[in-house]
Amino acid sequence: MTTGGVALITGAGSGIGREIARALLAEGYRVALAGRRADALAETADGHPSALAVPADVADPAQVERLFDAVRQEWGRLDLLVNNAGTFGPAGAVDEVSYADWRRTVDTNLTGAFLCAQHAVRMMKEQRPRGGRIINNGSIAAHAPRPGSVAYTATKHAITGLTKSISLDGRAHDIACGQIDIGNAATEMTAGIATGARQPDGRVVAEPTFDAAHVARAVLYMASLPLEANVQFLTVMATKMPFLGRG
């Protein structure tokens with residue numbers, strides 16, 4: 001779509017979400033920033049007149065409803081949803097992860113993306129002109145797990161199914177849905193990877209990272225397409241990270 005549309009970014013208070021939000025604002029989008037910490041959202045917005053900070057936990061259905069109500073009241077439509085909010089969740093093998101930790105990871109990474117997509121699709125079907133685009137943040141873990149990442153990996157594999165289903169169901173309503181799979185973007189959340197990440201053979205090895213601004217540029221490209229075209233899946237990663245051949 002062309003610039004000047006309305007976008008909503010979850011997990012916009014830091015890291016990749018912040019980079020995407022600022023890139024969209026620089027391109028002329030009006031951007032709703034969602035995240036759990038109001039102070040972090042304000043830092044992302046940095047006083048930009050086209051930014052709307054809406055504190056919200058995507059795992060809470062009532063807060064998600066209020067988030068989309070705020071976007072509707074402010075701008076009356078939604079052209080782009082970037083489902084970016086997520087957590088690594090607990091480290092441990094399947095027999096070591098507690099139900100509570102599993103549930104928190106699923107609620108944030110998967111249910112949160114579902115709830116936001118549900119509200120976005122409803123808006124996109126009703127608005128005129130109708131339609132829009134949803135971009136889900138998958139992960140390299142949507143393809144291959146790290147050791148001890150059962151909750152995170154399961155949710156990211158599920159995001160791929162969610163992406164495909166939204167893409168299929170949205171066709172009749174001019175709603176496109178794609179997925180960006182990111183490997184080792186340098187953020188606070190991934191800082192440990194640069195110092196040492198456990199490998200399948202048990203070694204702990206520092207892995208290459210790359211500037212998260214490149215992720216934002218990739219999202220801008222995906223969002224720039226007309227609705228009759230879609231990037232279904234895009235992988236952006238540190239060139240030398242151990243992904244191909246992992247394990």
- Under 5 Å between amide H atoms, partner at least 5 residues away or on a different chain: which partners does residue 53 have, H built in plane at 1.01 Å? 33
- What's the FRET efficiency of residue 74 with residue 235 using the Cβ-Cβ distance as r and R₀ = 30 Å, to the nearest 0.05? 0.35
- Helix 61-75 axis, angle to the chain major axis (alpha carbon atoms, nearest 10°): 40 degrees
- Please give the length that would be gained between residue 199 and residue 48 if that part of the chain were fully extended, namely 0.36 nm times their separation in residues minus their C-alpha to C-alpha distance (nm, one decimal). 50.2 nm
- To the nearest 20 debye, what is the magnitude of the charge dipole of the chain about its Cα centre, counting +1 on the Cβ of each Lys and Arg and -1 on the Cβ of each Asp and Glu? 400 debye
- Task: Just subtract the alpha-carbon distance of residue 220 and residue 60 from 0.36 nm times their residue separation and send over the number in nm, one decimal.
- Result: 54.8 nm
- Relative to the chain, whose Cα atoms define the longest principal axis, helix 213-224 and its Cα axis are tilted in degrees, nearest 10, by 40 degrees
- Exposure proxy ranking, count of Cβ atoms within 10 Å, fewest first, for 240, 164: 240, 164
- Query: Can you give me the pair-distance distribution of the range 6-135, C-alpha pairs, 10 Å bins, whole percents?
  - Reply: 13, 44, 30, 10, 3
- Item | Cβ-based exposure ranking for 173, 119, in which fewest neighbours within 10 Å come first | 173, 119
- Query: When percent of Cα pairs over 30 Å apart is calculated directly from the model, which label among (1) 18; (2) 22; (3) 40 fits?
  - Reply: (2)
- Mind giving me the FRET efficiency for residue 168 and residue 128? R0 is 30 Å, r the Cβ-Cβ distance, nearest 0.05 is fine. 0.80
- Sequence neighbours fewer than 8 away in the same chain don't count; with that in mind, list the lysines whose C-alpha is under 25 Å from residue 125. 164
- Just for the chain, what percent of DSSP beta bridges are antiparallel, to the closest 5? 5 percent
- Can you give the longest stretch of the chain with no exposed loop site, where a site means GluC sites (Glu not before Pro) in a DSSP loop (not H, G, I, E or B) with at most 11 other C-beta atoms within 10 Å? 1-95
- Message: Given the options 229, 159, 214, identify the residue whose Cα lies farthest towards the positive end of the charge dipole of the range 86-240 (+1 on Cβ of Lys, Arg; -1 on Cβ of Asp, Glu).
- Response: 229
- Message: Can you tell me the orientation of helix 150-170 relative to the chain, as the angle in degrees between its alpha-carbon axis and the longest Cα principal axis, to the nearest 10?
- Response: 30 degrees
- Exposure proxy ranking, count of Cβ atoms within 10 Å, fewest first, for 225, 52: 225, 52
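No value in this document is a laboratory result; all are computed from the given coordinates. Here the structure is a predicted model, which is why all the values come from computation and not from measurement. With ideal geometry, Cβ positions are generated from the backbone for all residues, glycine too; neighbour counts draw on all protein chains shown.
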